[in-house]
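Okay, structure first, notes after.
The values are calculated or read from the model by the stated rules, or taken from the named source; none is laboratory data. Here the structure is a predicted model, which is why all the values come from computation and not from measurement. Counting neighbours? That spans all protein chains shown, and the Cβs are built from the backbone with ideal geometry, glycine included. Remember, those area values only see protein heavy atoms, side chains included, never the ligands or the DNA or RNA. Shrake-Rupley method; radii C 1.70, N 1.55, O 1.52, S 1.80 Å.
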Amino acid sequence: MCVPVMIAAAMVAACTGDLRIGGVPTDELWPDDVGQSELNQTLDLRDRDEGNAYGLPREGELGIADLIAAYPQGTRATIFVGESDRSTLTDCRGGAPLVIDELPMTIEVVVTHHPRRFMKPEVCFQDERYWGTYTVEDDTGGITVLRGERTANFTFGDRALLTVRALTWTFSLDQDTRAVLVADLQPLTATATDDFERPVLFSKLDRGFTADDATEVKQVEGWVFQSPSNDNFNEMIMTQTAIDVEATALPLEGPLLTCVRTCESTCRSRCDDGTLCFEICEDLCLDSTDIPAADEIPACWRVSMDIDLGRRGFSPEVGSHLRATGPIVNNFDRQMWIYTPAQIEFLD
């Protein structure tokens, strides 16, 4: 029998014995059966061709098209601010930003990608890292919003008031690299469990991505030509028709050579991947050396998977038939952003 004396933990250990000897039975540590649960995130994806619209901008209010129109023409400046925010970027390496009258501008938008994308644009002539980048859209267009935080209280389909204080280009002066550099966001849909509808609208696409698709949500259907992996930065490549990647080509000479090279030139208007264009044209020309018309050449698309999907092993196999839906972003190449498996629909 232990004597009740007010001495600390050593006396308690003497009464109970050393737990390091023998251990605790497994059924006491984990009394319940081990199970596995699947992540079943869903998105309310709706086709614009079926008459769906956000109803934004509202009558008499500004929209994303007005924001894009605010970019000055004929200037090499890369950062644009309003007069009230001039002082916040006075130490910008390479000179102060260009002041434009349109900023700050407040617009109502719909979030079309969860804020967890990484981008590293050049700001004031030095690389800046943005870990929480996302995209927004209304019925006049879309734009990328740079953001540093990796946590957020908003996601796909949420409506928000976005007060834009500074604009920039992400890495070039191409029209589809426009981005919001500094902004205040006020979510209008309160929580992830409320009763608000959160549709994300898309348009179907049967051609390659172009600058006209800048930050708009598109849907493509095709076959996986390249599976995403750590070796290719989690980039999946899809083709509009299935390509026999195992085909063994005959020597490229004569009519076969002429067919492939001519096809490759046309292919680049539908697929901006030179290596893939060779594979596509080789596959077509092996069936027939008649030079294929442009509409006979399948489109191809780059689909960029979120890094966490790669870590979890989400990698559709080569040859899989699927639909992918997401915003198109020019991030050194034009690509569709995928954050959740809910953006991928397997058709086989």
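Evaluate the range 219-231: report whether one residue or more is open to solvent by less than 50 Å² (accessible area, probe 1.4 Å), among the aromatic types (Phe, Trp, Tyr) and not in a helix (DSSP H, G or I).
Start the filter on the range 219-231 by keeping residues that are open to solvent by less than 50 Å² (accessible area, probe 1.4 Å), which leaves 219-220, 222, 224-225, 227-229.
Now narrow it down to the ones that are among the aromatic types (Phe, Trp, Tyr): 225.
Subset that is not in a helix (DSSP H, G or I): 225.
Within the range 219-231 (the criterion being open to solvent by less than 50 Å² (accessible area, probe 1.4 Å), among the aromatic types (Phe, Trp, Tyr) and not in a helix (DSSP H, G or I)), the answer is yes, since at least one residue qualifies.
Looking only at the range 117-126, which residues are farther than 19 Å from residue 217 by Cβ and either without any contact (Cβ under 8 Å) to a residue 24 or more places away in the chain or open to solvent by less than 60 Å² (accessible area, probe 1.4 Å) (or both)? Even if it seems obvious, please write down each step before you answer.
To start, the set of residues in the range 117-126 that are farther than 19 Å from residue 217 by Cβ comprises 118, 120-126.
Answer for the range 117-126, where residues must be farther than 19 Å from residue 217 by Cβ and either without any contact (Cβ under 8 Å) to a residue 24 or more places away in the chain or open to solvent by less than 60 Å² (accessible area, probe 1.4 Å) (or both): 120, 121, 123, 124.
Return only the number of the condition from (1) within 22 Å of residue 211 (Cβ to Cβ); (2) under 23 Å from the mean Cα position of the chain (by Cα) that residue 310 does not satisfy.
(1)
Given the options 66, 27, 49, name the one that is acidic (Asp, Glu), within 30 Å of residue 181 (Cα to Cα) and at pLDDT 70 or above. Quick ask: steps written out before the conclusion?
Details: 27 fails: within 30 Å of residue 181 (Cα to Cα); 49 fails: within 30 Å of residue 181 (Cα to Cα).
The unique qualifying residue is 66.
Yes or no, residue by residue, for (1) in contact (Cβ under 8 Å) with a residue 24 or more places away in the chain; (2) open to solvent by 40 Å² or more (accessible area, probe 1.4 Å); (3) not in a strand (DSSP E or B):
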{"position": "149", "(1), (2), (3)": "yes, yes, yes"}
{"position": "152", "(1), (2), (3)": "yes, yes, yes"}
{"position": "161", "(1), (2), (3)": "yes, yes, no"}
{"position": "164", "(1), (2), (3)": "yes, no, no"}
{"position": "179", "(1), (2), (3)": "yes, no, no"}
{"position": "184", "(1), (2), (3)": "no, yes, no"}
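Specify which of the listed residues (98, 67) is within 24 Å of the chain's Cα centre (by Cα) and among the aliphatic types (A, V, I, L, M).
On the way: 98 fails: within 24 Å of the chain's Cα centre (by Cα).
Every option except 67 fails the conditions.
Got at least one residue in the range 260-270 being within 20 Å of the chain's Cα centre (by Cα) and open to solvent by less than 30 Å² (accessible area, probe 1.4 Å)?
Pass one, the range 260-270, residues within 20 Å of the chain's Cα centre (by Cα): none.
Within the range 260-270 (the criterion being within 20 Å of the chain's Cα centre (by Cα) and open to solvent by less than 30 Å² (accessible area, probe 1.4 Å)), the answer is no, since none of the residues qualifies.
Of all residues in the range 89-116, which are farther than 12 Å from residue 79 by Cα, touching a strand residue (DSSP E or B) at 6+ places or on another chain (Cβ under 9 Å) and open to solvent by 40 Å² or more (accessible area, probe 1.4 Å)?
102, 104, 106, 116
Give 192, 249 a once-over and let me know the one that is more than 27 Å from residue 49 (Cα to Cα), open to solvent by 30 Å² or more (accessible area, probe 1.4 Å), touching a helix residue (DSSP H, G or I) at 6+ places or on another chain (Cβ under 6 Å) and at pLDDT below 90. Step through it out loud before you land on a result.
Values: 192 fails: touching a helix residue (DSSP H, G or I) at 6+ places or on another chain (Cβ under 6 Å).
That would be 249, the only listed residue that is more than 27 Å from residue 49 (Cα to Cα), open to solvent by 30 Å² or more (accessible area, probe 1.4 Å), touching a helix residue (DSSP H, G or I) at 6+ places or on another chain (Cβ under 6 Å) and at pLDDT below 90.
List pairs: first in the range 323-340 and closer than 21 Å to residue 121 by Cα and at pLDDT 95 or above, second part of a loop (DSSP other than H, G, I, E, B) and acidic (Asp, Glu), Cβ under 8 Å, 6+ apart or cross-chain?
Going by the 8 Å Cβ cut-off, the qualifying pairs are 327/216; 328/216; 337/306; 338/306; 339/306.
How many residues are farther than 18 Å from residue 241 by Cα and part of a loop (DSSP other than H, G, I, E, B) when one looks only at the range 311-348?
9
All but one of (1) open to solvent by less than 50 Å² (accessible area, probe 1.4 Å); (2) among the acidic types (Asp, Glu); (3) without any contact (Cβ under 8 Å) to a residue 40 or more places away in the chain hold for residue 295; state the number of the condition that does not hold.
(1)
For a quick check of your reading of the model, give me the residue pairs whose first member lies in the range 66-78 and is under 19 Å from residue 140 (Cβ atoms), whose second is modelled with pLDDT of 90 or more and in a loop (DSSP other than H, G, I, E, B), with beta-carbon atoms closer than 7 Å and at least 6 apart or on different chains.
70/100; 70/102; 70/103
So the check is Cβ under 9 Å with 6+ separation or different chains; which pairs have a first residue in the range 94-111 that's small (Gly, Ala, Ser) and a second one that's open to solvent by less than 40 Å² (accessible area, probe 1.4 Å)?
These pairs meet every condition: 94/124; 95/77; 95/124; 96/79; 96/81; 96/89.
Could you tell me whether the range 127-146 includes any residue that is open to solvent by 10 Å² or more (accessible area, probe 1.4 Å), out of contact with any strand residue (DSSP E or B) (no Cβ under 7 Å at 6 or more places or on another chain) and closer than 16 Å to residue 70 by Cα?
Yes, some residue in the range 127-146 is open to solvent by 10 Å² or more (accessible area, probe 1.4 Å), out of contact with any strand residue (DSSP E or B) (no Cβ under 7 Å at 6 or more places or on another chain) and closer than 16 Å to residue 70 by Cα.
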